[in-house]
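What follows is a short report on a single structure.
The values are calculated or read from the model by the stated rules, or taken from the named source; none is laboratory data. Only a predicted model underlies this, so the values are computations on that prediction, with no experimental measurement involved. Cβ placement follows ideal geometry from the backbone for every residue including glycine, while neighbour counts extend to all protein chains displayed. Surface areas here come from the heavy atoms of the whole protein model, side chains and all, with no ligands, DNA or RNA. Shrake-Rupley method; radii C 1.70, N 1.55, O 1.52, S 1.80 Å.
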Amino acid sequence: QVVLLLGKLPPQDSVSVPVTRMAMLGLVGTLTLCVLQAQSLHLRSDQRESPVCSLAQEARADVSLLSGQKLTPSGCSHPAQIAAGAQGVDHVSLIRTNVSDGSKLAVWVSSYPRSGSSTVLSLVSSSVEGEETQSQTSTFSLFEPCHDGDEYAPWKEAQGCASLLWGLSRCDFTGVNKLWGWADPHSSNHHLKFEAGVATDICNKADLVAFKTVDYGHHLEKWTWMLNTHPHMKIVDVVRDPRGIWASWKTTEPFATLLKEGGYYTLEGICQNFARNLDIQDVRIHHIVFERLMDNPWETTTRVFQFLGLPFGEKQKKWIESTFNAKECPEPKPWEIGFTDCHTKSASVSEKWREVLTQEEIANFNANPDCRRVVQAYGFSP
């Protein structure tokens with residue numbers, strides 16, 4: 001400003017004395033303001049007890065603020081808080097410019113283990129036409145982020161699953177050192193070892209980002225803040241008869257051992273969250289019922305595509321034919337037994353719980369108000 005002002009000062013003999021004096025007063029005022037501002041910045045620098053946050057620390061603070069918290073990174077000062085006088089600012093204004101704006105569709109498949117969520121992730125992943133190659137992919141899918149087998153930088157781990165999912169929906173893997181589900185067949189890994197840069201590159205080339213979790217997001221109302229911060233994010237909530245989930249856990253490892261040891265989910269707890277989610281009215285959330293998917297895959301799948309705003313074409317038809325009531329399923333690898341998408345008799349799995357649950361478990365289920373509400377709302381058999 002000073003240089004521009006000096007460059008524009010007219011010759012003194014070409015203007016009146018009052019005009020020249022006004023110009024000089026303006027110059028003196030500008031110089032005074034510059035000095036005062038510099039002194040203020042110097043004092044603030046001296047008084048600050050810690051350095052400005054790194055990008056990683058900024059990211060941690062950004063996500064905490066977005067999720068409704070007011071967490072300041074320890075050991076540093078958040079630039080946005082300094083600028084705002086640490087008096088609280090709009091969460092959205094703290095989004096860093098080096099993070100994707102969420103311009104591509106992101107789909108979060110949320111449910112419990114053994115609910116059919118992996119099959120639904122495959123359904124969503126088939127939603128974009130095109131062949132996946134190492135140089136280009138139509139869909140970026142990730143199997144079960146936020147798993148205990150993941151490894152993060154300390155700041156990322158401290159922030160929790162919210163930070164990972166928020167970044168994942170924007171192809172931002174900052175602070176992620178390892179993803180347990182990266183090697184799973186449901187993930188778009190292109191047979192490459194996980195590195196944050198590799199994941200970012202594959203994700204950025206995709207037209208759609210899809211991921212599924214089984215231990216987070218059960219109470220959807222607590223996660224609507226993520227939808228509010230992503231303009232193109234949707235949640236597909238997979239609902240299965242809680243008795244079917246419970247029966248599958250009792251007959252499948254490692255869940256059977258987890259139930260015996262205690263401290264795992266309860267049958268009534270599943271009912272409680274499914275009942276809570278019935279009260280949520282949000283056009284960005286779609287409930288897909290596992291039993292209906294098994295009984296009528298064509299209609300159920302078509303509705304999912306309508307919800308996502310995506311076309312239903314030949315690729316999707318072929319996926320349905322190879323997944324439900326298939327004439328033949330590929331022989332699973334030893335570690336895939338019980339965890340594959342392909343079913344030769346799809347509808348037969350809906351009522352297996354009757355052979356597994358004890359009379360006491362059935363009686364407790366029938367006596368629970370949330371369980372009864374879920375049965376009635378989704379039309380499960382009594």
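For the range 256-263, state whether one or more residues are open to solvent by less than 50 Å² (accessible area, probe 1.4 Å) and under 24 Å from the mean Cα position of the chain (by Cα). No: the range 256-263 contains no residue that is open to solvent by less than 50 Å² (accessible area, probe 1.4 Å) and under 24 Å from the mean Cα position of the chain (by Cα). Restricting the search to the range 264-299, which residues are in contact (Cβ under 8 Å) with a residue 24 or more places away in the chain, within 16 Å of Gly217 (Cα to Cα), open to solvent by less than 70 Å² (accessible area, probe 1.4 Å) and part of a helix (DSSP H, G or I)? Ile270, Cys271, Asn273, Phe274, Ala275, Asn277 - these are the residues of the range 264-299 that are in contact (Cβ under 8 Å) with a residue 24 or more places away in the chain, within 16 Å of Gly217 (Cα to Cα), open to solvent by less than 70 Å² (accessible area, probe 1.4 Å) and part of a helix (DSSP H, G or I).
Scanning the range 334-355 for residues that are open to solvent by 100 Å² or more (accessible area, probe 1.4 Å), part of a helix (DSSP H, G or I) and either at pLDDT below 85 or at positive phi (or both) yields Pro334, Trp335.
Residue pairs whose Cβ atoms lie under 6 Å apart, sitting 6 or more positions apart in sequence or on different chains, and linking a residue in the range 157-175 that is outside any helix (DSSP H, G or I) to a partner that is of a type in the set (S, T, N, Q), are Arg170/Ser100; Cys171/Ser100; Cys171/Thr200; Cys171/Asn204; Phe173/Thr200. The number of residues in the range 176-194 being of a type in the set (Phe, Trp, Tyr) and either in a loop (DSSP other than H, G, I, E, B) or surrounded by fewer than 16 Cβ atoms within 10 Å (Cβ to Cβ) (or both) comes to 1.
If you go through the range 103-126 one residue at a time, do you hit one that is modelled with pLDDT under 95, in contact with a Phe, Trp or Tyr (Cβ under 8 Å, 6 or more places away or on another chain), over 11 Å from Ala210 (Cβ atoms) and open to solvent by 30 Å² or more (accessible area, probe 1.4 Å)? Yes, some residue in the range 103-126 is modelled with pLDDT under 95, in contact with a Phe, Trp or Tyr (Cβ under 8 Å, 6 or more places away or on another chain), over 11 Å from Ala210 (Cβ atoms) and open to solvent by 30 Å² or more (accessible area, probe 1.4 Å). Go through the residues of the range 142-163 one by one and say whether even a single one is buried (at least 23 other Cβ atoms within 10 Å of the Cβ), of a type in the set (S, T, N, Q), farther than 15 Å from Ile202 by Cα and at pLDDT 50 or above. Yes.
Restricting attention to the range 300-333, the residues that are acidic (Asp, Glu) and either at pLDDT 90 or above or not in a loop (DSSP other than H, G, I, E, B) (or both) add up to 2.
Take the conditions (1) of a type in the set (D, E, K, R); (2) touching a residue at least 24 places away in the same chain (Cβ under 8 Å); (3) out of contact with any helix residue (DSSP H, G or I) (no Cβ under 9 Å at 6 or more places or on another chain); Glu221 misses just one of them, which is (3). Is it the case that Gly217 is open to solvent by less than 20 Å² (accessible area, probe 1.4 Å), at pLDDT below 95 and touching a strand residue (DSSP E or B) at 6+ places or on another chain (Cβ under 8 Å)? For Gly217, the condition - open to solvent by less than 20 Å² (accessible area, probe 1.4 Å), at pLDDT below 95 and touching a strand residue (DSSP E or B) at 6+ places or on another chain (Cβ under 8 Å) - is met. In this structure, does Ala206 turn out to be aliphatic (A, V, I, L, M), in contact with a Lys or Arg (Cβ under 9 Å, 6 or more places away or on another chain), crowded, with 21+ Cβ neighbours inside 10 Å and more than 20 Å from Pro145 (Cα to Cα)? So Ala206 does not fit the description; no.
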